[in-house]
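Colleague: Okay, here's the structure, questions in a sec.
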Amino acid sequence: MDLVASLPAFVVAVVLISASPGPAMALIFRRAALRGFTGAVPTVLGLEAGLYVWALCAAGGLAALVAASEVAFVVLRVIGGLFLLYLGVKAWRTAWRSRGVESTPEVVEEAPLRRARGWWAAFGEGIVVMLANPKAAVFMIAFYPQFVPSNRPLFATTALLALAQVAIETALYLTLAAAVGRAGTWFRRPVIRRRLEAVSGAVLIALGVRVATSTR
């Protein structure tokens, strides 16, 4: 199998995988709706950083150990599930506390320090969601070997393919964030924002339960 010849199939597979509903899509949609395009950027970058770490782990054999270890798999799925549950409950609490607020709040410019902390918090959120998902480890060890020719170095080729996947997914997710962010004024209306928090909270909780109870 030639690496260049397999690239079209690889790109198609990555696009289809990226478009499938899951924790990443839910996080990006919620962040873009409530914080706009710029607010969703760190979430996207955090998710993709986590994905690239898993890809390197797959190339180095660590992901296979995680997938093979029942204890490691259970620990990761519980951590990932609990974190998604935490995000979902947090969204519900925000929706509950905003009851009775019907007027459009004034836009307050955030201080640089607070803005920086928010950026890193969103980035870390994305990394944790990706790294604490053991399904990502299972996916990596099953996905990449299909596109790595036997005459090429496994680690270097996997790292290269992972960079391509990160670039494709980043472009797709930022496009989604931009599209959702364009309707940000509507999403941030108090009534709509409260409903969005409630719905996204329910989705995150459902995803958390699914991750925590998932099997290989």
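Colleague: Quick one: check the C-alpha center-to-center distance for the stretch 12-77 versus the stretch 136-214, whole angstrom.
Modeller: Cα centres, the stretch 12-77 to the stretch 136-214: 5 Å.
Colleague: Mind running the shape call on the stretch 11-102? Use the C-alpha gyration tensor, a ≥ b ≥ c as the square roots of the eigenvalues: rounded below 1.5 for a/c, prolate if a/b tops b/c, oblate otherwise.
Modeller: On the way: a/c = 2.87, a/b = 1.60, b/c = 1.79.
It comes out oblate by the Cα gyration axes.
Colleague: Could you work out the relative contact order of the chain? I mean the mean sequence separation of Cα pairs under 8 Å and 6+ apart, divided by the number of residues, in percent. Before the final figure, lay out the partial values.
Modeller: Details: 277 pairs, mean separation 100.4, N = 216.
Normalised by residue count, the contact order of the chain is 47 percent.
Colleague: Calculate how steeply helix 23-60 sits against the longest principal axis of the alpha-carbon atoms of the chain, using the helix alpha-carbon long axis, and give the answer as 0 to 90 degrees to the nearest 10.
Modeller: Once rounded, one gets 20 degrees.
Colleague: Could you tell me the largest-minus-smallest coordinate of the C-alpha atoms of the chain on each of the three principal axes, in descending order and whole angstroms?
Modeller: The principal-axis extents, from largest down, are 64, 36, 31 Å.
Colleague: With the crude spin-label approximation of a point 7 Å out along Cα→Cβ, what separation in nm comes out for residue 163 versus residue 13?
Modeller: Between residue 163 and residue 13, the label points sit 2.0 nm apart.
Colleague: Of all accessible surface on the chain at a 1.4 Å probe, what whole percent is carbon and sulfur? All intermediate terms of the calculation are to be shown ahead of the outcome.
Modeller: Details: 8010 of 11580 Å².
Carbon with sulfur: 69 percent of the solvent-accessible area.
Colleague: Show that you can apply the helix-only estimate: for the chain, add -39,500 (n - 2.57) for every DSSP H stretch of four or more residues, divide by all residues, and state [θ] at 222 nm to the nearest 500.
Modeller: Numbers: 9 runs with 176 residues, N = 216.
My calculation for the chain gives -28000 deg cm²/dmol from helical runs alone.
Colleague: Next question, about the same structure. Before I look further, what does the stretch 29-90 give for accessible area per residue, probe 1.4 Å, in whole square angstrom?
Modeller: Result: 41 Å² of accessible area for each residue.
The values are calculated or read from the model by the stated rules, or taken from the named source; none is laboratory data. Note that this is a predicted model, so its numbers are computed, not measured. Positions of Cβ are generated from backbone atoms using ideal geometry, with glycine treated the same way; all protein chains shown enter the neighbour counts. Ligands, DNA and RNA are stripped out before the accessible areas are found, and what is left, the full protein with its side chains, is counted by its heavy atoms. Shrake-Rupley method; radii C 1.70, N 1.55, O 1.52, S 1.80 Å.
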